[in-house]
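Enquirer: Attaching a single structure in structure tokens format; questions to follow.
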Amino acid sequence: MLLRTFFLRPVLRRPLRFVTTVIGVAAGIAAVVATVAASRAAVASLREGVNEVAGRARLEVTAPAGLPEELLGRLLPLTGDAVVVPVIEEIALLPALGDAVRVLGVDLLVDTQVRDVEPDAAVLASGRAANMLLVGSGVLLPQRLAERLAVRPGDPLEISIRARRRTLTVAGTFAPRRFASVWDRVLIVDIALAQELFGKVGRLDRIELVPRPGITEARLTAAARLLLPVDVTVEQPRARAAAASRMVRALQFNLTALSGVSLFVGAVLVATTLATSVVQRRGVLALARSLGASRRQIARSLLTEAVAIGALGGALGVAGGVLGARAALTSVRSTVAAVVRGVPATDIRLPLWLAALGLLVGVGVSVLAAILPLAEAVRTPPVQGLVGERPAFLHRPSRRRAAAVAAVFAVLAVALARAPAWDELPVAALLASMALLGVLLVAVSPILDLLARGAAGPLARAAEGTPIRLAIAALAAGRRRASWGAGAVGVAVALAVAIGTMVHSFRTTVIDWANQGMRADIWIRPLAATTGVQVGRLDPEVVRVAERLFGKDVIDPFHTATAYAGTQPVTLAGGEFAVVARRGGVTFRDGRDSRAVFAAALAHRAAVVGEPFASRFGVCEGDTITLHVADGTLSRKVEGIFYDYSNQQGMVVIDRNDFLRHYPDDGPRELALFLPSGVDPAAARDRLLAALGGRFFVEALLNRELRAEVVAIFDRTFAITRALQAVAAAVAVLAVLTVLFALLGERRRDLALVRALGGTRLQVAGVVAAQAALLGATGAAGGLVVGLAIGFVLVKVVNVQSFGWTLRFLPPWPSLAVTGALVTLACLLAGLAPALAAARMHPAEALREEG
Amino acid sequence: MTAVTELRGVSRRYLRGDEVVHALRGVSFTLSAGEMVAVVGPSGCGKSTTLNLIAGVDRPDEGEVIVCGTDLARAGEAELVTARRRHVGIVFQSFHLMPHLTVEENVALPLALGGRRDAVRVLDLLRRVGLEGRRGHFPAELSGGEQQRTAVARALVHRPAVVLADEPTGSLDSASGTAVLRLMDELRRQEGSALLLATHDETIAAAADRVVRMCDGEIVAVL
Ligand SMILES: Nc1ncnc2c1ncn2[C@@H]1O[C@H](COP(=O)(O)OP(=O)(O)O)[C@@H](O)[C@H]1O
Ligand SMILES: [Mg+2]
């Protein structure tokens, strides 16, 4: 009954407010669930991929640059204790699919014992298929993939390996026993074929050890160690997965934190709605108190409302989040794939815990947001006491207190922004952003109070008779709720401005970087998957063809490999220093001409390192760094530190000849071509592609195309961010709508009085609309200031701490001005509905309602 | 007869800016079970203050306000809630019905707040105030007289010992006002509740068993 009185009935009779609040919470939860689900799907695929493909292997024998095949022989004494399985695992592009696939080269005779896949019975039975697999170029496909590509045994299957077109023969299909999605993009070939295809003859990527019953892992490890060289590791597959997921951790954290932002906006909306609903129901609550309702009963009914909003919003948000995750996956996939070389996940799963968490966070946020409104609700006096209440200005002490609290928040924000990263994550800096939002929320109320006092002053008296004057008075009277509304607008604007500033600073920096550093005329690289993920390397023959056509001294092949700084993986790259020293390249942090730096590096056999590497390992120009590479260690002096936004794990670049001494030439990742002046790049590209014939799947991009692509990749990566910005803005408008309807309800009698005294409908509507615009303008102004501060923290602290990237702080002034104007306009528009309601109100009716 | 309400030396002061307003100055009187007492006096003499103290929505600065054995001046929040919920029924000048509830639900509200339900009793009262046919209507759909009759039913539904009515006819035309007064008098006789009625209208006071005349926060005569 009580619930019906205070909660259900008002909701049923005026459902709009309740529904908008639920949507606000749902939007916040959806944003969180979507980003968490999408980034987890991408990361989980790495981990699951590793674990599942590793099968029953308990231990893996690996080395940074792979293993020589002879090691297999050395492990022969172990065959009594374990199944010893050699593996090649590589990535190739399946052009028919437009996506990357994992190619697993295994010893088919032993492998079915250890992996959870079941080849078609027919495959093993048929001698022809077995022959194809073992001697010819036969490949096993997962059943689902075969169906999708509509291929049958005996059909040819075209794949691109190191950009070279290769044709395999479908020998049969296999069905994974579980985790079908992990296996959806895996091709299985015989290990000898894999070695040939990927230019790894005589080499293995890893050797898996599956202990026989009764043999412990520890014993096997010890035994294997005795038989193997010291630079070879024996560890669990999990360790490999952990290293991969560690790399995307910062990315995942930032995405989640960013989506938490929209949840915060949702919370502000709930607080606003509940606060206004308490105000709107003040009379009802007061009457209930007179008739004997206890404070607890009133608190309980408000809490029920909060929980209902949270649970409904949470449930809707989880559902919406799953849909959103599907949409966001592309963006997250390419971001993750850019960080970790791998085949990312294809489907979104909603783990039960995430659904439960979404629901719980929804309820938790709503209940937290209910605290202040709740305090106000239980303070409602009995109805006899309401009559004497008059709107009062904030007292001096409370304004002074607000200023003090705001100052404390501001100091806290500065201190947190200066704090170092916490376990490599920018936790303190994000807390600093929250503190800045706190400044905003605390400061809004006194600012509106100043406005209201201004309204009582001479300035306002000059404007007497206009709707503005009445609107200011109305805002002044309803200042407590108005500050909720302006606060909500302010938070949303601040977040939009902060994110906008961050993205713009980032984008401009990256574009400038690309314009300065990308000087080659043509880039050649393996055909990318439709997701934009680059798959594998270029066949060395592509380099030879280019050299033949254009000469050796205009070609800069760029090789990469994984090396280790201590235990941390970093990218070791080799570039043609002699070419770049003539033509110029990346931009160096100390401002030196890149040609001079590369010339010096070439002369002294020194390295240049990317900024993320330098900040991650605290390296300066002139220091000497030591890396673990395939054949031992490599020590080089650091000649220069260049800006690098393409890589966050850290990159060290040495001269190509130097690089090739440590790593065999298995082809560069890409090839840059510097044409002599006067040569038409487009014509040169046509010549090159013609010379390559149809044998390779390569992309050749002209300078401007590559730069456009950099921007496109950037925008795709930040698509989620923009969506979050839109959510924040929508929530802000909802908040204004809620508050205005509440203020309107509160001022109903006054407005009716204005009408009764001869005011026109237009004047009354004008009062409400002006009120809305004032609210919006106050929120927008506060949000702009705080948003710039948060943007500064994001650009100068969060980015550096999580990626090691230095960005310039470049607020997008014109679009910020537009945002401010648009928000004010949106608030004005949001005010139209209540303004119309006010205009339609019959004066006598409103006066009578109150008795 | 037993006293259902007793005021002993009750004073109440308000601050209005820097000025102290003495709303009540040492007021004492007794309300016995089942009797009807009218409090009369000019506007601002302290009638509403007196009723609010008995309703447990305000506290005196001095003196005792004993309602059904509880001194509300010293009672805790929980006892005040109980007093409002069980011992007192209120009729307001401006009706104060819950806008989202039907007539029937409004009448049932005091019971519901105590976790009780008694559809028979609610229906019976609605019949007696002549609103049986309008029980599904919302307050906004009723006339002033009908709204006040709903409020009268609500004030009696939980069988309070005391019904407080502060200018109950102040918002009504004289015909509906007279009807509401007659109804209140009739019902409280049947129910055995005491009725304390504040008014500045001497003619209304005529129906009361006793009249307490107030002026400037003091009782000047009891007739
Ligand atoms: N909450 C209050 N604050 C200040 N003064 C009050 C308050 N309530 C009542 N008063 C003052 O106390 C006096 C008695 O008021 P009241 O009991 O309402 O008179 P009545 O109901 O007889 O007209 C009046 O002067 C009134 O202005
Ligand atoms: Mg009065």
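Enquirer: Rounded to whole Å, give me the distance from the Cα center of segment B:17-47 to that of segment A:615-685.
Expert: Using only Cα atoms to place each centre, the spacing works out to 94 Å.
Enquirer: I would also like to ask the following. Rounded, prolate or oblate: which fits segment B:3-222, taking a ≥ b ≥ c as square roots of the Cα gyration tensor eigenvalues, rounded meaning a/c under 1.5, else prolate when a/b beats b/c?
Expert: Prolate, since a/c reaches 1.5 and a/b exceeds b/c.
Enquirer: Averaged over peptide B:84-92, how many Cβ atoms belonging to another chain are found within 10 Å of each residue's Cβ?
Expert: Whole-number average of other-chain Cβ neighbours for B:84-92 is 3.
Enquirer: So, one more: Dipole of segment B:3-222, Cα-centred, from +1 at each Lys and Arg C-beta and -1 at each Asp and Glu C-beta, to the nearest 20 debye?
Expert: Details: 26 positive and 29 negative charges, 119 e Å.
In total the dipole reaches around 580 debye.
Enquirer: To check you understand DSSP bridge types, tell me what percent of the beta bridges within segment A:539-695 (both residues inside) are antiparallel, rounded to 5.
Expert: If we restrict to bridges inside segment A:539-695, about 70 percent are antiparallel.
Enquirer: With θ set to phi - 60° and the Karplus curve 6.51 cos²θ - 1.76 cosθ + 1.60, what are the ³J(HN,Hα) couplings of segment A:497-509 in order, to the nearest whole Hz, using x for Gly and Pro?
Expert: Those phi angles translate into 5, 4, 5, x, 5, 4, 4, 5, 4, 4, 4, 4, 4 Hz.
Enquirer: Separate question: What distance in nm separates the simple spin-label points at A:Thr167 and A:Arg605, each placed 7 Å from Cα in the Cβ direction?
Expert: 4.8
Enquirer: If you count, for every residue in A:293-303, the Cβ atoms of partner chains within 10 Å of its Cβ, what is the mean?
Expert: 2
Enquirer: Using only Cα atoms, find the angle between the long axis of helix B:174-191 and the longest principal axis of chain B, and express it within 0 to 90 degrees, rounded to the nearest 10.
Expert: It works out to around 90 degrees.
Enquirer: Using the C-alpha gyration tensor of segment A:584-631, what are the square roots of 5 times its eigenvalues, in whole angstrom, with the largest one first?
Expert: Whole-Å semi-axes of the equivalent ellipsoid: 19, 15, 9.
Enquirer: Which whole number gives the average, over all residues in B:111-119, of C-beta atoms from other chains lying within 10 Å of the residue C-beta?
Expert: Across B:111-119, the average partner-chain Cβ count within 10 Å equals 3.
Enquirer: Angle check, please: helix B:144-156 long axis (alpha carbons) against the longest principal axis of chain B (alpha carbons), in degrees 0 to 90, nearest 10.
Expert: Roughly 70 degrees, rounded to the nearest 10.
Enquirer: Oh, and also: For a Förster distance of 56 Å, can you work out the FRET efficiency between the beta-carbons of A:Glu705 and A:Ala833, rounded to the nearest 0.05?
Expert: With a Förster radius of 56 Å, E is 0.70.
Enquirer: Let me ask something else. Quick one: grab the alpha carbon gyration tensor of segment B:1-96, order the square roots of its eigenvalues as a ≥ b ≥ c, and give me rounded if a/c is under 1.5, else prolate or oblate depending on whether a/b is larger than b/c. If you can, show how the numbers build up before the last one.
Expert: Numbers: a/c = 1.44, a/b = 1.32, b/c = 1.09.
It comes out rounded by the Cα gyration axes.
Enquirer: Using only Cα atoms, tell me the angle between helix B:119-128 and the longest principal axis of chain B; keep it within 0 to 90° and round to the nearest 10.
Expert: 80
Enquirer: Another question, then. A:Gln516 label point, 7 Å along Cα→Cβ, cut-off 18 Å on backbone N: hits in segment A:612-647?
Expert: A:612-615, A:621, A:639-647
Enquirer: How big is the gap, in Å, between the Cα center of segment B:116-178 and the Cα center of segment A:804-842?
Expert: Distance between centres, Cα-based: 49 Å.
Enquirer: From the square roots a ≥ b ≥ c of the eigenvalues of the alpha-carbon gyration tensor of segment B:78-206, which class results: rounded (a/c under 1.5), prolate (a/b over b/c), or oblate?
Expert: The shape class here is oblate.
Enquirer: Another question about this same structure. Just going by the charge dipole of chain B, with Lys and Arg at +1 and Asp and Glu at -1 on Cβ, which of B:Val212, B:Gly170, B:Leu125 is farthest out on the positive end?
Expert: Of the options given, the answer is B:Leu125.
Enquirer: Moving on to the next point. Run down the lysines and flag those whose C-alpha is under 30 Å from the C-alpha of A:Lys796, throwing out any fewer than 8 positions away in its chain.
Expert: Reachable lysines: A:Lys637.
Enquirer: Calculate how many DSSP beta bridges within segment A:59-235 are antiparallel, expressed in % of all such bridges and rounded to the nearest 5.
Expert: Roughly 75 percent of the DSSP beta bridges within segment A:59-235 come out antiparallel.
Enquirer: Sort A:610-616, A:686-692, A:593-599 for me by packing, meaning the mean count of neighbouring Cβ atoms within 10 Å per residue, highest on top.
Expert: Ranking the peptides A:610-616, A:686-692, A:593-599 by packing returns A:610-616, A:593-599, A:686-692.
Enquirer: Taking R0 as 56 Å, what FRET efficiency do you get between B:Arg189 and A:Arg399 from their Cβ-Cβ distance, rounded to the nearest 0.05?
Expert: 0.50
Enquirer: Taking θ = phi - 60°, what integer Hz values does the Karplus form 6.51 cos²θ - 1.76 cosθ + 1.60 yield along segment A:416-423, in sequence order, with x for Gly and Pro?
Expert: Values, residue by residue: 5, 5, 8, 5, x, 4, 10, 6 Hz.
Enquirer: Can I ask one more? Hey, can you rank A:301-312, B:149-160, A:225-236, B:128-139 by average C-beta count inside 10 Å, highest first? Spell out each step's value before the answer.
Expert: Numbers: A:301-312: 21.9, B:149-160: 25.0, A:225-236: 14.1, B:128-139: 16.5.
Result, highest mean Cβ count within 10 Å first: B:149-160, A:301-312, B:128-139, A:225-236.
Enquirer: Extending each Cα 7 Å along its Cβ direction at A:Ala690 and B:Thr70, get the distance between those two points in nm, one decimal.
Expert: 10.2
Enquirer: Which of the peptides A:193-205, A:146-158 is most tightly packed, and how do the rest follow, going by the mean number of other Cβ atoms within 10 Å of each residue?
Expert: With the highest mean Cβ count within 10 Å placed first, the list reads A:193-205, A:146-158.
Enquirer: Here's another thing I want to ask about it. In nm, give the distance between the simple-model label positions of B:Ser143 and A:Ala821, each being 7 Å from the Cα along the Cα-to-Cβ direction.
Expert: 5.9
Taken together, the values in this text are just the output of simple stated rules run on the coordinates, not laboratory data. Because the structure is a prediction, the values reported are computed rather than measured. Reconstructed Cβ throughout: ideal geometry from the backbone, glycine too, with neighbour counts over all protein chains shown.
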